[in-house]
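J.: After the C-alpha cells below, expect a handful of questions from me.
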Amino acid sequence: MWVSSLSALLLLLIGVLRHGGASGLLELSLGKFRNVLLNQTNPVEAVIRNIASNVTVVIFQVHAHQSDVVISFDKTPLVNSSEIGVDKGLVSILRPEQTVCTWYLRALGAGQVLSTAISIPYMEKDPIPGGCNLEFDLEVDPNIYLDYTLVDIHIKFAPANLGYTRGANPPSCDSGTGQSSRWRLRYDVYQYFLPENDLSELVLMSHMRKMSGVQSVKANGIKMLTLTADDKTNVYFSSLPGQGVIYNIIVWDPLWNSSAAYIPVHTYACSFADLVDNCSSLSKLSTKVFFTAFAVLGLFTCFFGHRFWKTVRLILTAVAGIIGGLLLVVSWWRFGSVLLSMFVIGLVLGFLFSSTLFFTPLGDYRVFHDDVVFWVTFTCVALMIPVLFVGCPRILNILASGIVGSYTVVLAIACYVYTSLAYITLDLLRRVLNNYFSRAYTNVPFQRNDFIILSVWAMLGLSGVTVQLRRERSEVPFPPHPYLTWKRERERRSTNVLDPSHHIPPLRERIHNKLLHIKEFFQKDQPAGERTPLLL
C-alpha cells in the first residue's frame, strides 16, 4: 500500500513540475485545482485571466498537509491582506471591467511544501463568506478557524454578507434584522471523514477537492447542523486523534436560493512534529499493556463469567464503581447481597447499552446537548436492562459477562488501530469529566475497519453467551431467584420450630414493642413511698 502511495506521490510531483508550479508563475482556471510546490525564498505568483463580466467575487484558496503556507495579495505580506496556515484563502472583490486576479504564495518555513490551490467564482446574487467580519484581521474573511484539544474541536468563522454587483457599495452589516439584510442568511455546517488509518499527503489532497465547491460539499459531506444569523458563529465537535476530518460551511440565501462555500479546513487532532504522542503513535506503552491485560480478563469473563460468578461479580461491580460510584455492595459474601449484585451487573450492561444508543446519530440531537435531558434519559435507558431481566438473573449475568467482556477486546484493539467503536464509552467518559463537552457534536466515521471490529465484537459476544448457556443448561439455576429464595425461607421458618428464627415475633408485634419502649422513655417516674389520705 505504501509503495502505491509513494508512486502516486511521485507522479503528482512530476505533474507539478510539468505545469510550472515551481517556476514562480502559476496559471489558474476558475473552478479547477492545481498542485503547486512552494518554498520560503521564491514566492509563487498565482494568476487568473479572462474572468467573465458576470463574476463579482473570486475566492482563492490553498491547502497543505501539515506545513504552514503564506497567501497574500502582495509580494510583501501585510497583516490585513494575508493569511498563514495549512487551509487558507482570500476573497477578491472584482472592480468593473476587471478580468485578472493575482495572489502570491510561499512556504512559511524552510523546505518545500506540496500544496493544492483552486479559485472559485461567485455571482452578484451569491452571498459573500466572511463579508461581515468584525473579529479577524482581513476585511472580508472566508476562512474557518480551527482549534483542537484532546477532548474537542472548535471551529469559528465570520458572518457572511449579501452579494452585490461590481462597483456597488456592499450592503450594511448592521442596518437591520429584516429579510432585506444579511440576517436572512443560513449556515449549514458539513463534516467529511478521511479514510481511517491513512495520514498521507496524497489522500488529503484528493479528498480536499470534494469539500471545496458548494455542490461537491453537499454531495460528499455530512450535514451536521444549520445556524441562523442569531446563533453564535462557532461549533464544537468531539476530538478524534489520528482520524482526518474536513469541515466546511455553506452559507445560503433563501431569498435568491443561492449559496457560497467558506474555505474548508482539516485536522487530525494530533501533532506530526511531536516526538511523543504524535499522530503515528497515539497510545503509550503503558496504555497498551493495561488494555491488553484488560482484554484478557474480558475474554475470561466472556466465556467463563457465569461459572466463576463471584469473581465476575467483583469485576463488574468494580467497573460500575469506577464509572458511576456504584460500589455499594454490603455483606459481600452473604446470600442476601445477591439481589444488589445482580442489579449492579445489570447496570453495567445497561450502561453499555445506553452508551451505544447515544453513540448513534440520536446522540447528536440538540435536545441532548442539555445535561439534564441527557442524563435523565441515559439513566432511564441504563436502568431498563436490570429491570427487564429482574426475573431472569442467570440470563442477565451471562449476557452481561458475554457482551461487556467481549467489548474489552475492542478497547484493546483501539490501542493499536484506530476504530470509532472505542468512542462508545470514551465520549461518555469525556462528558462526565468535562463540563463543556455537552456542546460538542459526537459524530464519528464508520468505515471498513469498524465493520470488521464490530463483527469481531459480535462474534465474541455471541460465542461467549452460547458457550455459557450450553454449559449451564443442565446445572441448578444459579444464582437462585431472590424472591423465590425469600419465600422459601419464610415458609421454612414458619414450620420448623427448632429454627431460632421461628421464635422471632412477627413484624407487627416487634414494631408495637418498639413503640411502647419509646413511649415509656418519655413517661415520668412515679415517686417512691406510700401515699394515703389523712385520717381526721
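The values are calculated or read from the model by the stated rules, or taken from the named source; none is laboratory data. Quick caveat, the model's predicted, so the values are computed rather than measured. Neighbour counts run over all protein chains shown; Cβ positions are idealised from the backbone, glycine included. Please note that ligands, DNA and RNA were not included when accessible areas were found on the heavy atoms of the full protein model with its side chains. Shrake-Rupley method; radii C 1.70, N 1.55, O 1.52, S 1.80 Å.
J.: Using protein chains only and a probe of 1.4 angstrom, how many square angstrom of SER420 are accessible, to the nearest 10?
T.: Surface open to solvent at SER420 totals about 0 Å².
J.: Same structure, new question: Select from ILE155, ALA168, VAL140 the residue farthest towards the positive end of the dipole of the stretch 137-176; place +1 on Cβ of Lys and Arg, -1 on Cβ of Asp and Glu, and compute about the Cα centre.
T.: The Cα lying farthest towards the positive end belongs to ALA168.
J.: So, one more: Which percent of the accessible area of the stretch 174-244 is formed by carbon and sulfur heavy atoms (probe 1.4 angstrom)? Show your work: numbers first, answer last.
T.: Working: 1300 of 2890 Å².
Of the solvent-accessible surface of the stretch 174-244, carbon and sulfur hold 45 percent.
J.: Between the stretch 62-94 and the stretch 145-188, what's the alpha-carbon centroid distance in Å?
T.: Taking the Cα centre of each part, the stretch 62-94 and the stretch 145-188 sit 20 Å apart.
J.: Separate question: Between LEU275 and ILE93, what is the label-to-label distance in nm when each label sits 7 Å out along the Cα-to-Cβ direction?
T.: Each label point is offset 7 Å from its Cα along the Cβ direction, giving 5.0 nm.
J.: Mind listing the long-range amide H neighbours of ASP152? Cut-off is under 5 Å, sequence gap 5 or more, other chains count too, H placed in the peptide plane at 1.01 Å from N.
T.: Long-range HN contacts for ASP152: SER239.
J.: Then there is this: Which shape class applies to the stretch 222-305: rounded if a/c is under 1.5, otherwise prolate when a/b exceeds b/c and oblate if not, where a ≥ b ≥ c are the square roots of the Cα gyration tensor eigenvalues?
T.: On the way: a/c = 4.32, a/b = 2.19, b/c = 1.97.
Note, shape of the stretch 222-305 comes out prolate.
J.: Averaged per residue, what accessible area in Å² does the stretch 122-242 show with a 1.4 Å probe, protein chains only?
T.: Values: 5180 Å² over 121 residues.
Per residue, the stretch 122-242 has an accessible area of 43 Å².
J.: Also, I was wondering about something else. Going by average Cβ neighbours within 10 Å, how do the peptides 296-304, 432-440, 252-260, 82-90 rank, with the highest at the top?
T.: Details: 296-304: 19.6, 432-440: 14.0, 252-260: 16.4, 82-90: 21.7.
My ranking of the peptides, most packed first, is 82-90, 296-304, 252-260, 432-440.
J.: Take peptides 141-151, 184-194 and line them up by average Cβ neighbours within 10 Å, highest first, as a rough protection proxy. Provide the component values of the computation, followed by the final result.
T.: On the way: 141-151: 18.9, 184-194: 20.5.
Packing order, densest peptide first, comes out as 184-194, 141-151.
J.: Give me the percent of the accessible area of the stretch 358-412 that comes from carbon and sulfur atoms, probe 1.4 Å, all protein chains in place. If you can, show how the numbers build up before the last one.
T.: Details: 1940 of 2450 Å².
C and S fraction of accessible area: 79 percent.
J.: For the pair SER455 and VAL373, what calculated FRET efficiency results from E = 1/(1 + (r/R0)^6), where r is the Cβ-Cβ distance and R0 = 45 Å, to the nearest 0.05? Could you put the intermediate results ahead of the total?
T.: Values: r = 34 Å, r/R0 = 0.75.
Efficiency at R0 = 45 Å is approximately 0.85.
J.: Could you run the Karplus curve 6.51 cos²θ - 1.76 cosθ + 1.60 with θ = phi - 60° over the stretch 245-250 and give me ³J(HN,Hα) per residue in whole Hz, x for Gly and Pro?
T.: 9, 10, 10, 8, 10, 9
J.: Now for a separate question. So, counting K/R as plus one and D/E as minus one, what does the shell of residues with Cβ under 12 Å around TYR436 add up to? Could you put the intermediate results ahead of the total?
T.: Numbers: positive: ARG430, ARG431, ARG439; negative: ASP152, ASP371.
Value of the local net charge: +1.
J.: Follow-up. Return, ordered by residue number, the residues of the stretch 375-409 whose backbone nitrogen is under 16 Å from a label point located 7 Å along Cα→Cβ of VAL296.
T.: Within reach of a label on VAL296, which here means backbone N under 16 Å from a point 7 Å along Cα→Cβ, the stretch 375-409 contributes 408-409.
J.: In sequence order, what are the phi-derived ³J(HN,Hα) couplings for the stretch 200-215 according to the Karplus relation 6.51 cos²θ - 1.76 cosθ + 1.60 with θ = phi - 60°, rounded to whole Hz, with x for glycine and proline?
T.: Using θ = phi - 60°, the values come out as 6, 5, 5, 5, 4, 4, 6, 7, 4, 5, 7, 10, 9, x, 4, 5 Hz.
J.: For ARG439 and ASN50, FRET efficiency with R0 = 56 Å and r from the beta-carbon atoms, rounded to 0.05? Walk me through the intermediate numbers first.
T.: Working: r = 47 Å, r/R0 = 0.83.
About 0.75, to the nearest 0.05.
J.: Using a basic spin-label model with each label point 7 Å from the Cα along Cα→Cβ, how many nm lie between VAL100 and ARG166?
T.: Reported label-point gap for VAL100 and ARG166 is 1.5 nm.
J.: Using the Karplus equation 6.51 cos²θ - 1.76 cosθ + 1.60 (θ = phi - 60°), what ³J(HN,Hα) coupling, rounded to whole Hz, does each residue of the stretch 152-159 give in order, writing x for Gly and Pro?
T.: So the J values, rounded to whole Hz, are 9, 10, 10, 10, 9, 7, 8, x.
J.: May I pose another question? Which part of the stretch 110-138 falls in the paramagnetic zone of LEU255, meaning amide N under 20 Å from the point 7 Å along Cα-to-beta-carbon?
T.: 122-133
J.: Name the residues whose placed amide hydrogens come within less than 5 Å of the amide hydrogen of VAL36, ignoring near sequence neighbours (fewer than 5 apart) on the same chain.
T.: SER115, THR116, ALA117
J.: Now, a different point. What is the set of long-range amide H partners of LEU199 at a cut-off below 5 Å, with H atoms built 1.01 Å from backbone N?
T.: So LEU199 has HN proximity to no qualifying residue.
J.: Sort 360-367, 152-159 by the packing proxy (mean of other Cβ within 10 Å over each peptide's residues), most packed first. Show your work: numbers first, answer last.
T.: Numbers: 360-367: 12.0, 152-159: 21.0.
Highest-to-lowest ranking by the protection proxy: 152-159, 360-367.
J.: Taking the Cβ-Cβ separation of LYS75 and CYS380 as r and a Förster radius of 60 Å, what is the calculated FRET efficiency to the nearest 0.05?
T.: Numbers: r = 64 Å, r/R0 = 1.06.
E(calc), rounded to 0.05, equals 0.40.
J.: While we're looking at this one, here's another question. Counting alpha carbon pairs within less than 8 Å and at least 6 residues apart, what relative contact order, in whole percent, applies to the stretch 365-451? Intermediate values should be presented prior to the final figure.
T.: Values: 27 pairs, mean separation 24.6, N = 87.
28 percent.
J.: Using unit Cβ charges (K, R positive; D, E negative) and no other charged atoms, how large, in debye to the nearest 20, is the dipole of the stretch 128-170 about its Cα centre?
T.: Details: 2 positive and 6 negative charges, 52 e Å.
Roughly 240 debye, rounded to the nearest 20.
J.: Once you keep just the Cα pairs under 8 angstrom separated by 6 or more residues, what percentage relative contact order results for the stretch 26-86?
T.: Working: 48 pairs, mean separation 15.5, N = 61.
This gives 25 percent for the stretch 26-86.
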